[in-house]
1. Using the structure shown, decide if A:LEU53 is facing another protein chain (nearest Cβ under 10 Å) and either at positive phi or surrounded by fewer than 19 Cβ atoms within 10 Å (Cβ to Cβ) (or both).
2. Applying the selection to the range A:95-117, what residues are over 19 Å from the mean Cα position of the chain (by Cα) and among the β-branched types (Val, Ile, Thr)?
3. Give the range A:172-218 a look and list any residue that's of a type outside the set (Gly, Ala, Ser), in a helix (DSSP H, G or I) and under 24 Å from A:PRO132 (Cβ atoms), or say none.
4. Specify which of the listed residues (A:GLU78, A:GLU96) is without any contact (Cβ under 8 Å) to a residue 60 or more places away in the chain, among the charged types (D, E, K, R) and more than 30 Å from B:GLY49 (Cβ to Cβ).
5. Looking only at the range A:154-171, which residues are touching a residue at least 24 places away in the same chain (Cβ under 8 Å), surrounded by fewer than 21 Cβ atoms within 10 Å (Cβ to Cβ) and in a loop (DSSP other than H, G, I, E, B)?
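What follows is calculated from the coordinates using simple rules that are stated; it is not laboratory data. The structure displayed is predicted, hence computed values, not measured ones. Here Cβ is always computed from backbone atoms with ideal geometry, including for glycine, and neighbour counts include all displayed protein chains.
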Amino acid sequence: MRIFDSHIHMTSRTTDDYERMAAAGVRAVVEPAFWLGQPRTNPGSFADYFDALVGWEPFRASQFGIHHHATIALNPKEANDPRCRPVLDLLPRYLEKDGVVAVGEIGYDSMTPEEDEVFAAQLALALEHDLPALVHTPHRDKERGVERSLAVVAESGIDPALVTLDHLNEVTVARARDAGVWLGFSIYPDTKMSPPRMVEILRRYGLERVLVNSAADWGRSDPLLTVRTAEAMLDGGFTEDDVDRVLWRNPVEFYGRSGRLSLPETDPGEAVAAGGGATFAGNSILRGGA
Amino acid sequence: MTTLDGLRGALAQHGALDTGGWLASAVARLMTDPDALERLFPAAGRHCGRAPLREAPGWSADQAARALLLAALPPDRLPAAVEAAYRQGDAGEKLAVLKALPLLPIGDAAVPLLGDALRTNDPRLVAAALGPYAARLDDAAWRQGVLKCVFMGVPLQRVHGLDERADAELAAMLDGFARERRAAGRPVPADALAVLDLVAAPDLAVPHRIAPLEQDKEG
């Protein structure tokens with residue numbers, strides 16, 4: 001079983017986690033830039049964080065054979081602090097980096113006018129840098145948050161197939177699917193989404209454009225919940241190929257739109273199944289050096 | 001030592017330096033628009049590939065391309081541009097800057113970047129900081145860099161000009177390291193012992209090379 005965790009905050013995890021993830025089959029991750037728990041008060045603080053996401057963290061992951069990528073953005077929560085607004089001016093240089101495969105996490109936290117402005121500005125950056133966008137949907141007032149996020153996406157002119165709406169649930173999945181965006185689900189130990197509930201959603205809505213992630217961060221979370229979900233799928237009658245599609249080929253397809261994925265070598269059969277070989281759409285297999 | 005012409009030849013062999021190609025256009029653009037470096041420098045690998053260059057041992061295509069991008073800058077803009085490319089670079093970009101330094105007309109301006117690289121915990125950067133440009137590094141910092149290689153398991157053959165520059169002070173530091181390792185029952189890397197062997201240091205305060213090599217095999 002090969003797992004691509006499409007949304008996990010490795011900055012908050014220990015090397016023990018990397019070791020367990022590698023042993024369980026996690027071979028690639030995407031780490032979105034997010035809120036660190038402690039509010040930041042100036043752009044320099046973000047620059048150091050972004051540098052770690054394209055520097056130290058990929059190096060740490062590589063020591064366990066895990067291919068690390070990042071998404072870069074000013075997160076919705078801190079978009080509300082005027083001291084952090086100049087972070088938008090830092091973004092263009094990071095959005096050119098090899099390891100950056102999307103703009104994100106963007107979207108809404110409390111749905112303020114400030115969040116509107118920063119969300120729209122960053123969708124424009126995704127278009128300018130030819131990158132997909134990872135959109136966080138709010139935990140409070142989620143249904144209206146999803147509706148409003150889809151409206152901003154539509155207004156931006158970005159292709160919905162280049163957008164993931166993350167942290168969806170039973171109530172919001174259908175609306176997002178109908179809008180043509182990718183459907184992200186973050187599996188938590190006992191709150192927003194669980195492996196058994198995820199299996200039910202896959203039964204009902206199918207496997208197309210679905211991304212399952214652990215989102216593991218500094219809160220109560222578990223970096224192996226992708227693996228637990230895969231096991232729950234098998235127990236629930238899905239095939240190995242279904243699991244591979246949801247937990248490997250789907251994220252490869254979505255983030256592969258950046259042309260910047262660097263993935264572990266797969267055997268030729270797997271590479272074909274994954275929709276590409278060593279040079280698929282500009283993404284490399286086993287990029288050397290850094 | 002590799003030269004800029006050597007890198008050009010190697011990239012041409014590789015088909016990455018064709019007239020009208022990405023690299024040729026980028027180089028031409030930088031001569032008149034040096035600010036374009038911020039977007040061109042990170043993108044080099046995506047356009048020129050990352051394969052090792054047989055004709056320029058130790059260099060990959062993206063590193064060589066990045067060296068040529070830096071070399072294309074107007075000389076008066078070079079120091080600030082090199083510093084920005086390093087400070088704002090990911091690990092791959094930092095590595096390329098460090099490797100390019102001895103090929104650029106930059107004098108001592110980039111020495112502080114070596115200090116930064118030697119403070120990291122990335123063995124690739126530490127090794128690259130001890131290339132030919134490290135001749136401009138002061139002795140104390142250079143010796144610390146060599147010791148750091150030993151600690152990180154970077155082969156000492158990666159340190160440029162080690163045999164010529166190794167001195168009694170470095171030998172004393174390596175000797176202290178070797179004694180600590182032996183006291184801990186841990187092996188001493190053979191290349192560190194080789195440097196100790198090399199440096200005849202009659203005025204050392206503490207005698208070195210006391211323990212026979214065989215003990216190291218036990219560790």
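1. no
2. Matches in the range A:95-117: A:THR112 only.
3. A:VAL173, A:ARG175, A:ARG177, A:ASP178, A:MET198, A:ILE201, A:LEU202, A:TYR205
4. Within the list A:GLU78, A:GLU96, the selection yields A:GLU78.
5. Of everything in the range A:154-171, those that are touching a residue at least 24 places away in the same chain (Cβ under 8 Å), surrounded by fewer than 21 Cβ atoms within 10 Å (Cβ to Cβ) and in a loop (DSSP other than H, G, I, E, B) turn out to be A:GLY157, A:ILE158, A:ASN169, A:GLU170, A:VAL171.
So that you can scan it fast, the table gives a plain yes or no per residue for (1) assigned to a loop (DSSP other than H, G, I, E, B); (2) within 14 Å of chain A (Cβ to nearest Cβ):
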{"site": "B:LEU125", "(1), (2)": "no, yes"}
{"site": "B:GLN144", "(1), (2)": "no, no"}
{"site": "B:GLU164", "(1), (2)": "no, no"}
{"site": "B:GLU169", "(1), (2)": "no, no"}
{"site": "B:MET173", "(1), (2)": "no, no"}
{"site": "B:PHE177", "(1), (2)": "no, no"}
{"site": "B:GLU180", "(1), (2)": "no, no"}
{"site": "B:GLY185", "(1), (2)": "yes, no"}
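Per-residue answers, yes or no, for (1) closer than 29 Å to A:HIS68 by Cα; (2) in a helix (DSSP H, G or I):
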position: B:LEU17; (1), (2): no, no
position: B:SER25; (1), (2): no, yes
position: B:ALA28; (1), (2): no, yes
position: B:ARG54; (1), (2): yes, no
position: B:ARG66; (1), (2): yes, yes
position: B:ALA80; (1), (2): no, yes
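For every residue, the table says whether it meets (1) crowded, with 24+ Cβ neighbours inside 10 Å; (2) touching a Gly at 6+ places or on another chain (Cβ under 6 Å); (3) within 14 Å of chain A (Cβ to nearest Cβ).
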{"site": "B:ALA65", "(1), (2), (3)": "yes, no, yes"}
{"site": "B:LEU73", "(1), (2), (3)": "no, no, no"}
{"site": "B:LEU78", "(1), (2), (3)": "no, no, no"}
{"site": "B:ALA84", "(1), (2), (3)": "no, no, yes"}
{"site": "B:ARG87", "(1), (2), (3)": "no, no, yes"}
{"site": "B:LYS94", "(1), (2), (3)": "yes, no, yes"}
{"site": "B:LEU98", "(1), (2), (3)": "yes, no, yes"}
